[in-house]
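Remarks on the structure that follows.
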Amino acid sequence: MSELLHFTTTDADRSATEPLRDDIRLLGGLLGDVIREHEGERVFGLVEDARVKAFGVRRQEVDRASFGGTLTGLSTRDALHVIRAFSHFALLANIAEDLHRERRRAAHVAAGEDPQDGSLAATFRKLAGAHIDGDTAAERLAGATVVPVITAHPTETRRRTVFEAQSHIKRLMRERTRMQLDPSEDAENMRQIKLWVLTLWQTALIRLSKITITDEIDAGLRWYDAAFFEVMPTLNAELRDAFAALLPGAGIADEPVLQAGSWIGGDRDGNPNVTGDVVAYATRRAAETALDHYLDELDKLQTSLSLSRRMAPVTDELLTLAQHAADAGDARDDEPYRQALSYVHDRLMETHGVVVGADAGDPGAAGAAGPAGAVGAGQGGEADDPYVAYATPEEFLADLDVIDASLRSTSDDLIADDRLATLREAVRTFGFHLYGLDLRQNSETHEATIAELFAWAGVCDDYAALDEDARVELLTAELANNRPLAGPNATFSETTTKELAITAAAAHAVRTFGEKAVPNHVISMCTSVSDMLETAVLLKEAGLLTVTPEGPRCSVNIVPLFETIEDLQVSATTLRAALAVPAYRALVDSKAPPADTHCAQMHPGSPARKGGGLQEVMLGYSDSNKDGGYMAANWALYRAELDLVEVAEEAGIRLRLFHGRGGTVGRGGGPSYDAILAQPPGAVRGSLRLTEQGEIIAAKYAEPKLATRNLEALVSATIESSLLDVEGLEPSEVEDAYAAMDEIAALAREAYGDLVHRTDGFVDYFKTSTPVAEIGELNIGSRPSSRKPTSSIADLRAIPWVMSWSLCRVMLPGWYGTGTALERWIGDDDARLAQLRGYVERWPFFRSVISNMAQVMAKSDLGLAAEYAELVEDADLRARVFDKIRDEHARTLAMYEKITGHDDLLWDNAALKRSVFNRFPYLEPLNHLQVELLRRYRAGDDDPQLKRGILLTMNGLATALRNSG
């Protein structure tokens, strides 16, 4: 544990956290009872001895080395018992911690205190105090969009059955808090909790086989029933109502702001498992999930809307709907709402059959879809057949609006505002597509595909040999006509055939489910204008881009992803050059958000933007961090955003940034609210997309309460960044601040590169001292752990890179190089020290960077890391690398204390400090045993339980750390 982590507590602290400790004791006690009853007294004794000693290590009452020695002597079988026990202890501690946060928030509200930052209530209080002008707000929030994008490479190691057991335990624990249980009820409640703890104990925590891409797709869909269906529509409605009250007539947030996104099934960068069939499956399953939800809600509405025509008059439009019902005129004639809902249900069932029927997933199925955006158009019956499938979600919504209007006509607003309102808002939010599935591919693959297509069509025999100017000229010419490059008899390599099948499947999804089904195509490792134009040509080949007299038009946004520090530094140059190409600029201008037109009509005097097009740019946190280190990457991202904003302003277009954030700080993670407010001026402008991945998804969206809090934080920060002055720096000090960060970032990158890129043997040290080689066997994702079969750090994916350093408790990607940079930049200059102290106080960017770094270092433990270092047999290599890590760690801690004035890393984060205090004793045995089992495994021990034990330690540590990759 870090040297700068103090756990002094006051009486008030102890009183506030006593319920948390009670819950941990209760759940831990039940787990102990289960272990005793099912594994015997001897195993229980082993576990209890380890638990007591682990807490003794935290209190510095037990020597860590001697404790580790007792675990080293365990047999593999006994080690597995201890690993499982502490993995479950950590999992149950997470439940207790989540419940405690709920209690604290409830107490905060009950005390009548001001709403907390990150809530819509707090944001709109700030807006009211700032006296925001309606025209300005409407212009800045035109086309406002906030999209959490669930990604295709999770570090989540828990199975769905484990989640379900956790949910049951959490529900039962809430009962204990909220209800006054009599003795018999209390006993039954305890019995039920123990039942689920027992179920957890006897459920395998890790998968026996590697997860498939379709498993990932299905797993990603579980968050909709868990939370998104309930929370997203509700927040969209609340946001619309709040703006209508604050700025009447401005029309802000009239369209749903919160929308859903996914990469699962569309991200094929380095994942050979993504195919055209997978894209079809992902889009079809998404639509099926949405339609199933709507059908279920209609069933519930039919049950509840039993209003009699004699008691509640209805509108003529409602009667017309009711008369279409198959049971019109029978005994239910007195219940027109039920009849109308029956008719709507039958039409939606017809839609379901068309949209997700047997042929819907086959891109080659003749007649499987109607025109773009017209789901089921012409399907399901003749034009005069009242049971024809809904052609669009808007048709479905129109029928629901008839029911809503009829209820309100008789002052039944209370009924209309209940389940029906939620369903109507859900249709507005999710349509028939549910989420927007992004496509993503590496620019190298695009280049090779285009080269084959051009060679086949006789356009260019050797595209790869052309320079950039020649490529741009050739690609631009191709975007001037609708001629396909490949005929029906064309034959290509396996890679090109696969790429064409994927874009064909995406085009089929757009025709079937509407343009929102596949809204973006992300280009990984984008370095040039030709990379962007190659994507455009591939989309044209699939029919997603068409050439019109006004220029090319495409339903899919072309999104360059700038990942490495060098690419970030030239991102603005690349975008400026792309916008200078008339064909590409025409594509951008064709993507003007619909809300722009609305706002121009509502506010004719509001500022206008020439062109008004939309360009999305994705920023890669993971690879930039792996490439240049924490501080250098964060500043490169900030600088790139500033430069991109300038290009957008010059060109008169809207810029939407897509943040490729990981769960950990080492991959761009950290509190979302603070991170958004730390963006540079002009970088948000009402629109934000960001990736959500790994165990962070469950931590944020596993249930409605969690999802509400986290989605509110995203929306609140987006609004505040767009409408309020959150920069913090005075105009007179901006230039000096940016110059200082330029120098500090360069120093940090140099220090990081000295270790990672220029220390002889570093790769061998990394591969030996961490479980990176074994992570690939954890069955946590469908994609390989490396982009290419090499041992290069550059080719290793960021998730195993970060996860490996997390498991061995070094946490290197989240801090290394920062201490040296700060020390060298400050030197003996007190004025420079005062300058940085001022930035910590006033500049959200710098404060966030330093705070996130401190959170990472609070989870590091160089004492445990030293045990992992012992896995490196070469003593010289071990000393050469680990001594650098240890020295930099101490230097970074010292500089943190110097510039913040605090000798406690978590002085500003009481919740995380409490979490670390309660959780970390459960990590101690898991780390010791992971090192021991790795040592045995690598020495040739072929006991099959040994490998399982290693994987279980990874699972347990990821559970306890909560953001390991």
Next on the checklist: If I filter segment 881-901 down to residues being out of contact with any Leu (no Cβ under 8 Å at 6 or more places or on another chain) and more than 30 Å from residue 871 (Cα to Cα), which single residue comes out as surrounded by the fewest Cβ atoms within 10 Å (Cβ to Cβ)?
Outcome noted: 901
Item to check | Long-range neighbours under 7 Å by Cβ, at least six apart or interchain, first residue in the same structural domain as residue 199 (by TED's automatic domain parsing) within segment 164-182, second assigned to a loop (DSSP other than H, G, I, E, B) | outcome: 165/203; 167/703
Checklist entry - Yes or no: residue 507 at pLDDT 95 or above, buried (at least 17 other Cβ atoms within 10 Å of the Cβ) and either touching a Pro at 6+ places or on another chain (Cβ under 9 Å) or small (Gly, Ala, Ser) (or both)? => result yes
Next on the checklist: Conditions first: (1) outside any helix (DSSP H, G or I); (2) surrounded by fewer than 20 Cβ atoms within 10 Å (Cβ to Cβ). Residue 501 passes all but one, so which condition is the exception?
Outcome noted: (1)
Next on the checklist: Kindly evaluate residue 167 against the criterion of being over 20 Å from the mean Cα position of the chain (by Cα) and either more than 30 Å from residue 216 (Cα to Cα) or surrounded by fewer than 16 Cβ atoms within 10 Å (Cβ to Cβ) (or both).
Outcome noted: yes
Checklist outcome for this item: Pairs returned, first residue in segment 753-764 that is touching a residue at least 12 places away in the same chain (Cβ under 8 Å), second residue that is part of a loop (DSSP other than H, G, I, E, B) and among the aromatic types (Phe, Trp, Tyr), beta-carbon separation under 7 angstrom, 6 or more apart or interchain, are 755/816
Checklist entry - How many of the residues making up segment 452-466 are assigned to a loop (DSSP other than H, G, I, E, B) and free of Cβ contacts under 8 Å to residues at least 24 places away in the same chain? => result 5
Checklist entry - Quick one: would you say residue 187 is surrounded by fewer than 18 Cβ atoms within 10 Å (Cβ to Cβ) and assigned to a helix (DSSP H, G or I)? => result yes
Checklist outcome for this item: In segment 558-577, anything under 11 Å from residue 523 (Cβ atoms) and not charged (D, E, K, R) is listed as 558, 559, 560, 561, 562, 574
Checklist outcome for this item: When restricted to 322, 282, 326, 286, the only residue farther than 30 Å from residue 520 by Cβ and part of a helix (DSSP H, G or I) is 322
Checklist entry - In this structure, is residue 139 over 19 Å from residue 702 (Cβ atoms) and out of contact with any strand residue (DSSP E or B) (no Cβ under 7 Å at 6 or more places or on another chain)? => result yes
Item to check | residue 550 over 27 Å from the mean Cα position of the chain (by Cα), outside the structural domain of residue 282 (by TED's automatic domain parsing) and at pLDDT below 95 | outcome: yes
Item to check | Matching residues in segment 48-73 - criterion: being of a type in the set (Asp, Glu), surrounded by 12 or more Cβ atoms within 10 Å (Cβ to Cβ) and more than 14 Å from residue 922 (Cα to Cα) | outcome: 63
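The values are calculated or read from the model by the stated rules, or taken from the named source; none is laboratory data. Since the structure is predicted, the reported quantities are computational estimates derived from the model, not experimental observations. Positions of Cβ are backbone-derived with ideal geometry, glycine not excepted, and every protein chain shown enters the neighbour counts.
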